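One structure is given here, and the rest of the page talks about it.
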């Protein structure tokens, strides 16, 4: 938690920041459309690497709120498309939804108690793990599970929903990047249904997570919610365009090669993200105050 430090080093967004955010949104949508990568895994690192903030720890929470808001805007129309295609398994979504909604709140509240530097390193580790897993899946192709081999009991679905919500709230992710592989491996769902169920659940839980993260930016981190709103507003339209373009290119490019290339890019991004703190002015953790002592600048 960076209460006080954020208000002291509050950063005023400039036009160049908004334009950079728009480019990041385009990249997030493009990679998401091409390889099914969660937008937050591109947006949060992209903002952290491109927008050098005087207080990167508090700024990380702003980037999380912005990315989570974009997830809301992007996931709703995606869920509608899946519904029209008849791919959503509502019998599964009804069980996953409550668990994920509760745990995404828990995840956001926990994230507010963790220093931004540690959250950034956790996110870098998660992205690196995802990239390596994607490489493994590309190299060792797995056959589509048979419909009669599904394992969709309530216990499995609740655990998947709870774990996905916790990670999504903690790291600022949409959740699909974790839910889809879990439902594929644990529940043996066909990939079409796994993606559709994830999209439907995220359309609702993302609203909960983003709203809570936005509401706590000021009280917990001393940063105005409007800062995250501007970043989200810049990224959302270009993310739509990038997603449409990426989905179109998916049918024209070798999917395996594209997924492998995206995984390599994510791995490089994760390494760079992990090294952001301590590599420039204003980076690193703020000095710890003695118990009961308040820095005089915090009252300004």
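Every number here is computed from the coordinates shown, using simple stated rules; none is lab data. Because the structure is predicted, anything quoted here is derived from the model rather than measured. Positions of Cβ are generated from backbone atoms using ideal geometry, with glycine treated the same way; all protein chains shown enter the neighbour counts.
Grab the beta carbon distance between residue 139 and residue 252, set R0 = 35 Å, and tell me the FRET efficiency rounded to 0.05.
0.95
Residue 94 versus residue 52, label points 7 Å from Cα toward the beta carbon: distance in nm?
5.5
Given R₀ = 22 Å, what would the calculated FRET efficiency be for residue 191 paired with residue 76, taking r from the Cβ atoms and rounding to 0.05?
E between residue 191 and residue 76, to the nearest 0.05, is 0.55.
Using 0.36 nm per residue, how much length does the chain from residue 118 to residue 272 gain when fully extended, once their Cα-Cα distance is taken away?
Here the segment from residue 118 to residue 272 would lengthen by 54.0 nm.
Just rank 198, 211, 40, fewest to most, by other beta-carbon atoms within 10 angstrom.
So the residues, fewest neighbours to most, are 211, 40, 198.
Please report, in whole Å³, the volume per residue of the convex hull around the C-alpha atoms of segment 208-263.
Enclosed volume per residue, from the Cα hull, is 118 Å³.
For 205, 238, 69, which order do you get if you count the other beta carbons within 10 Å of each Cβ and list the fewest first?
238, 69, 205
How long are the three semi-axes of the equivalent ellipsoid for segment 32-78, computed from the Cα gyration tensor as the root of 5 times each eigenvalue, in whole Å, largest first?
The answer is 22, 12, 6 Å, longest axis first.
What distance in nm lies between label points placed 7 Å from Cα along the C-beta direction at residue 244 and residue 151?
About 4.2 nm, to one decimal.
Two-decimal Rg/Rh of segment 5-282 from alpha-carbon positions, Kirkwood Rh?
0.96
Taking the beta-carbon count within 10 Å as an exposure proxy, list 244, 230 from fewest neighbours to most.
244, 230
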